[in-house]
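The values are calculated or read from the model by the stated rules, or taken from the named source; none is laboratory data. If you're wondering where the values come from, they're calculated on a predicted model, not measured in any experiment. All Cβ positions, glycine included, derive from the backbone under ideal geometry; neighbour counts span all protein chains shown. Calculation scope for accessible area: heavy atoms of the full protein, side chains included, ligands and nucleic acids excluded. Shrake-Rupley method; radii C 1.70, N 1.55, O 1.52, S 1.80 Å.
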Amino acid sequence: MKVIRWTIITIAIVFMLLLGIATPAAFIGLAVFLIGLYLNNQYRKYKINFKRSGWIMAAGFVLSIFLATADSDATETVNEPEKKQIVTDQSEAGKAEEEKLAEEKAKEEKAKKQAEEQARLEAEQVEKQKQEEAEKQKQEQDQNQAAESLGLELVTVGRVVDGDTIETSDGRKVRLIGVNTPESTTRVEEYGKEASQFTTSELSGKKIWMQKDVSDTDRYGRLLRIVWVDIPTDDMDENEIREKMFNAHLVLNGYAEPSTYNPDVKYSEYFREFGREAREANKGLWALGDEGTTKGDLDSAAASSSSSSSGNASGSGSNDSSGTASSTGSSTESYQNCTELRKVYPSGVPSTHPAYDSKHDRDKDNYACER
């Protein structure tokens with residue numbers, strides 16, 4: 001019986017110790033239990049003190065269980081808000097994490113869409129460049145074909161000599177056909193500087209197309225050419241001549257007078273029309289007088305020379321085999337061209353000579369058909 005008794009007591013003490021470890025308040029019940037055990041031992045050993053110590057031990061055991069249970073409930077009650085807060089915090093943290101993940105996903109999708117859009121735009125740009133390049137090549141081919149059909153040569157203007165004379169970038173001098181601007185080099189005529197400045201501003205350093213009429217060069221070795229600033233569709237269309245031919249621009253804007261020399265007469269009628277138009281509007285050199293400031297087809301001297309030539313030819317009743325009109329009984333001699341004139345006057349004639357005609361004085365130096 002004694003062994004059983006101490007076994008039960010030991011189990012009770014161990015149990016209460018465990019309760020105390022889990023819930024410190026249970027140690028109070030353990031202390032009461034130990035006091036009751038002490039009193040019980042005293043009572044058994046000496047038959048003194050409190051003889052109902054067993055009740056104290058039982059009360060201590062029950063108290064320990066009660067306090068452990070009560071403290072656990074209180075702890076749970078106290079920790080409930082904390083648990084709720086923890087749950088709430090965990091929920092908010094989870095929500096924040098989800099929002100973060102959703103935001104990152106949205107950013108990734110946005111970046112992906114942007115990359116796709118960028119790739120699409122780049123592909124479109126590449127395709128557009130290819131189309132533009134193809135169109136450019138086609139235009140160049142069409143231009144080359146048009147230029148070839150019209151006998152146009154593409155060159156770059158190196159410098160401007162004066163209003164009607166330029167030099168290409170490869171050193172060739174070019175005299176513009178059918179026009180005559182006032183001199184601005186070896187001698188200066190009124191409005192010559194303005195004409196030279198206009199040609200410089202319009203052509204210097206630019207690409208142009210040169211077109212030959214009949215003659216290739218003049219007696220100075222200069223190329224005789226029509227200058228186009230753009231390739232015409234029809235080189236005899238007046239609108240295109242007005243818009244794209246630089247020779248015409250000089251006449252239309254009053255920087256040059258029309259000046260015709262055989263056999264390069266393809267555009268002479270247009271130039272005369274443009275010259276009369278500019279003169280009526282008092283443009284450029286025409287504002288300085290009806291005769292302009294240099295020699296040309298619209299000068300009264302040229303017109304009288306032409307009519308005098310016609311009168312002499314009819315009055316004589318015959319033309320010689322060279323095409324030269326007889327000048328019997330007249331102070332004026334008329335020749336169809338320099339070839340015919342040189343048959344009579346091999347070295348040409350000065351402006352004071354009866355055979356002088358301004359249309360044979362191509363360089364306007366007051367000496368016709370000189371060699």
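Summary table
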| read-out | value |
| --- | --- |
| Cα→Cβ-extended label distance, 7 Å offset, between K206 and A93, nm | 7.9 |
| Radius, Kirkwood style, for the range 96-235 when every pair of distinct Cα atoms is counted (Å) | 19.5 |
| Computed E for Q118/N262 - FRET, C-beta separation, R0 56 angstrom, nearest 0.05 | 0.25 |
| Qualifying lysines (Cα of each under 27 Å from Cα of K173; at least 8 residues distant if same chain) | K193, K206, K207, K212, K244, K266, K295, K359, K364 |
| Per DSSP, loop chymotrypsin sites (Phe, Trp or Tyr not before Pro) in the range 332-371 with at most 13 further Cβ within 10 Å | none |
| Table column - 3J(HN,Hα) (Hz), the range 104-115, Karplus curve with 6.51, -1.76, 1.60, x for Gly and Pro | 4, 5, 4, 5, 4, 5, 5, 4, 5, 5, 4, 4 |
| Amide H within-cut-off set for N180, under 5 Å, with H built and near neighbours excluded | E257, S259 |
| Highest average packing first - 106-118, 281-293, Cβ atoms within 10 Å | 281-293, 106-118 |
| Filtered trypsin sites (Lys or Arg not before Pro), the range 211-245: DSSP coil and at most 11 other beta carbons within 10 Å | R219 |
| Solvent-accessible surface (1.4 angstrom probe) belonging to E280, in square angstrom, nearest 10 | 150 |
| S169, S204, ranked by accessible area, largest first (probe 1.4 Å) | S169, S204 |
